[in-house]
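What follows is calculated from the coordinates using simple rules that are stated; it is not laboratory data. From a predicted model like this one, the values you see are computed outputs, not experimental measurements. Quick reminder, even Gly has a Cβ in these numbers, built from the backbone with ideal geometry, and neighbours come from all protein chains shown.
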Amino acid sequence: MNASQERILVIKLGALGDFVQALGPAAAIRKHHAAANITLLTTKPYVALAKASGLFDDVWVDEFRPKPWQIGKVRALSRLLKSGDFTRVYDLQTSDRSSSYFRLFGWGKRPEWSGIARRCSHPHANPERDNMHTIERQAEQLAMAGIVDVPMPDLSFATKDVSQFGIEKPFALLVPGGAPHRPAKRWPVERFVELANHLYAEGITPVLLGARAEQAIMSMIEREAPGTVNLCAKTDFVEIAVLARTAALAVGNDTGPMHMISLAGCPSVVLYSHDSNPALCAQRGPSVEILRKPSLEELTQAEVWNAARRIAPLS
């Protein structure tokens, strides 16, 4: 790296849906600072995806996560941040935690900062920012920092051989999991069983995606819906994007993998209760339908199937 080269830090820690939606802003930063060395500060789950994107020269893992009273960790993180000799920081996390990192640079050589940290050089100064969808909010934040051309996230970089899964086309991705502490965001597992059986009867292979913690509900669906392929805890993020690119359909709760699947171009039906607001966080992509009920107990399999037929060539 050239000693005089501009050095940029991008902060995006998680979660998956937020991280994927930040790839468009990251691409805009990469284009705007074409000759710069760009470092991403993220968390461990997203390192491989970040490296595969090709948008960053370096990827750092935020291993410290210091509480204010953990002086040793605070100082270690401060030393790390200062070692980058950054000229500008784009805080795409814009949380209290990431904003506190602004102070860790000290008073002497604070870089320019795009975010919401108090007294930063390029604040996202819209008082209604918390009422904006993530995509539009980050685009406006970058516009206030001088970057006006922010594309949608592009997952075309995701390439991987997924033939080992042995999935026959056509197939549909089902994502029945979600945050364990927010059960109201989950469509009842019995409905996913009904949908999986309906898909199989229509000649479409149901394919389950999810994390290891969701294995119990995946196993139930697999058991009650013969012909289902269970890939729970068997795929990485890049493989999910590759599968989505060739799937006929995806149906899932408001959870991280559905952001990746919809942005990869898969026709997607995403299920919302009043526990989350699609106006702020809805999945985006070329073919997405949001179904929302006060309680997902009220949403029938027939309603989901009809929505799927509206957006996907299933017959």
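Computed with the Debye formula from one identical point scatterer per Cα of region 163-311, without solvent, the log10 of I(q)/I(0) at q = 0.15, 0.20 Å⁻¹ comes to -0.66, -1.31.
If R0 is taken as 22 Å, the Cβ-Cβ distance between E224 and A201 corresponds to a FRET efficiency of 0.95. Between A34 and D161, the distance separating the two model label sites (each 7 Å from Cα on the Cα→Cβ line) works out to 3.6 nm. Ordering H33, V47, G256 by the projection of their Cα atoms onto the charge dipole of the chain, which places +1 on the Cβ of Lys and Arg and -1 on the Cβ of Asp and Glu, puts H33 at the extreme positive end.
Considering only V59, C120, I8, and ranking their Cα positions along the charge dipole of region 1-126 that arises from unit charges at the beta-carbon of Lys, Arg, Asp and Glu, the one farthest toward the positive end is C120. Overall, the chain carries a charge dipole of about 1260 debye about its Cα centre when +1 sits on the Cβ of Lys and Arg and -1 on the Cβ of Asp and Glu, all other atoms neutral.
With both labels modelled 7 Å from their Cα along Cα-to-Cβ, the K82 to D154 distance reads 3.9 nm. Per-residue ellipticity at 222 nm computed for the chain from its helices equals -10000 deg cm²/dmol, with DSSP H segments shorter than 4 residues left out and the rest contributing -39,500 (n - 2.57).
Extension gain, I290-E190: 0.36 nm per intervening residue step, less the Cα-Cα distance, totals 34.0 nm. Taking amide H as placed 1.01 Å from N in the peptide plane, L41 has its amide H under 5 Å from the amide H of V10, I11, K12, W60, each at least 5 places away in sequence or on another chain. Peptides 199-212, 125-138 ranked from most to least packed, by the mean per-residue count of other Cβ atoms within 10 Å: 199-212, 125-138. For the pair V61 and S95 in one chain, pulling the backbone fully straight at 0.36 nm per residue adds 10.5 nm over the alpha carbon distance. Take the Cα of R129, step 7 Å toward its Cβ, do the same at M144, and the gap between the two points is 0.4 nm.
What you get for region 212-315, charging only the Cβ of Lys and Arg (+1) and of Asp and Glu (-1), is a dipole of about 300 debye around the Cα centre. For region 1-160, what class follows from the C-alpha gyration tensor (a ≥ b ≥ c being the square roots of its eigenvalues): rounded when a/c is under 1.5, otherwise prolate if a/b is larger than b/c, else oblate? Because its axes are fairly even, with a/c under 1.5, region 1-160 counts as rounded. Pairs from the table (K109/K160; K44/K109; K67/K293; K44/K82; K73/K234; K31/K234) lying more than 31 angstrom apart at Cα are K109/K160; K67/K293; K73/K234; K31/K234.
Ratio of Rg to Rh for the chain: 1.01 [Cα atoms; Kirkwood radius as inverse mean 1/r over pairs].
For the residues L299, L174, L243, a GNM of the chain with alpha-carbon springs under 10 Å puts the largest fluctuation on L299. A full extension of the chain between A48 and E303 corresponds to an added length of 88.1 nm, given 0.36 nm per residue minus the alpha carbon distance.
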